[in-house]
1. On the given criteria, is residue 185 in contact with a helix residue (DSSP H, G or I) (Cβ under 9 Å, 6 or more places away or on another chain), basic (Lys, Arg) and over 19 Å from residue 16 (Cα atoms)?
2. What about residue 236, is it of a type in the set (D, E, K, R) and assigned to a helix (DSSP H, G or I)?
3. Quick one: in the range 200-233, of everything that is part of a loop (DSSP other than H, G, I, E, B) and open to solvent by less than 50 Å² (accessible area, probe 1.4 Å), which residue is modelled with the highest pLDDT?
4. Within the range 106-194, which helices (runs of 4 or more DSSP H) (wholly inside it) include 1 or more residues that are surrounded by 17 or more Cβ atoms within 10 Å (Cβ to Cβ), in contact with a strand residue (DSSP E or B) (Cβ under 7 Å, 6 or more places away or on another chain) and β-branched (Val, Ile, Thr)?
5. All but one of (1) in contact with a His (Cβ under 9 Å, 6 or more places away or on another chain); (2) over 19 Å from residue 226 (Cβ atoms) hold for residue 1, so report the exception by its number.
6. Look at the range 47-99 and say how many of its residues are open to solvent by 40 Å² or more (accessible area, probe 1.4 Å), of a type in the set (A, V, I, L, M, F, W, C) and without any contact (Cβ under 8 Å) to a residue 12 or more places away in the chain.
7. May I ask you to verify whether residue 95 is within 22 Å of the chain's Cα centre (by Cα), in a helix (DSSP H, G or I) and of a type outside the set (Phe, Trp, Tyr)?
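The values are calculated or read from the model by the stated rules, or taken from the named source; none is laboratory data. Everything numeric in this text was worked out from a predicted model, so none of it was measured. A quick note on method: Cβ atoms are made from the backbone with ideal geometry, for glycine too, and the neighbour counts reach across all protein chains shown. Protein only, heavy atoms only, side chains kept; ligands, DNA and RNA dropped before computing areas. Shrake-Rupley method; radii C 1.70, N 1.55, O 1.52, S 1.80 Å.
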Amino acid sequence: LAPDGPIHGRARVHLMEKSFFVVDRAVGMLLGDPGQAVALFREGRRAFGQDGWQAFLEAANQLLRVRNNGEPGAPVDVFYGTVDTLRRARPDTDATAILERLAATRPRAVSYRAAFLDGPPLIPVLNPLLPAIVRTAALWSGDGRPVRLVHDRQNMLTPDRIAWIEEAARQAGVGLAGLRLVVAREDARVQVADFLAGIARKIASDELNGRGDPALTALLRPYVDPASVWGDARSRALLAAPADLGPTAPAAGRR
């Protein structure tokens, strides 16, 4: 990772803090206002306690997941029941004000779940890979030169989803010239990327959980994509480069 290392200036990592990712996707889908996700995430645990906040995260995760056991509408009932319980327990907090808005979104959640009866969606809300690939292409084509991406083979990257990636990139004005799938063990580029991702996950997770090594965090900082999905303010400030600390672009790590 050091400035004199072989990948410095030639690699980026897109970090993801999973708890914040769930809140970000739930609030974005239900309210159409992703900016509220940061406020709810940062106040939720303090407002509702560890158990209450954990119940909200689990209910939101089940609501958004494509696959759930039991009745199709059960995740909707659980989520809004949890929201109502937390609202009644702490009616006077800023986080509760956001839950008040969420409580009025049940019809949208019902429609979201009902759509699964026709089959799984092409782009699952809780899968970060596809938009992250578009982001990768945007990053490396920023100088105006189109890029071709190489990715390891996996079931998520079906021909239909690759077509979605290419179309999303085109609509965003991103210079993606193609995406090629390879066998990871046969391609050194993918192996180096996986190695870097593992290092970044370890350093970012330690920083998130209060066990960070200042020297390692400083070495990782230049590699962190400013469009990462990260809600924890303390660790974000340490992981993000100074120019990336605007309130609308939380840099994130993965738990």
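1. Here the answer is yes, as residue 185 does meet what is asked.
2. So residue 236 passes the test.
3. Only one residue tops the list, namely 212.
4. 129-140, 159-171
5. Here residue 1 clears every test but (2).
6. 1
7. yes
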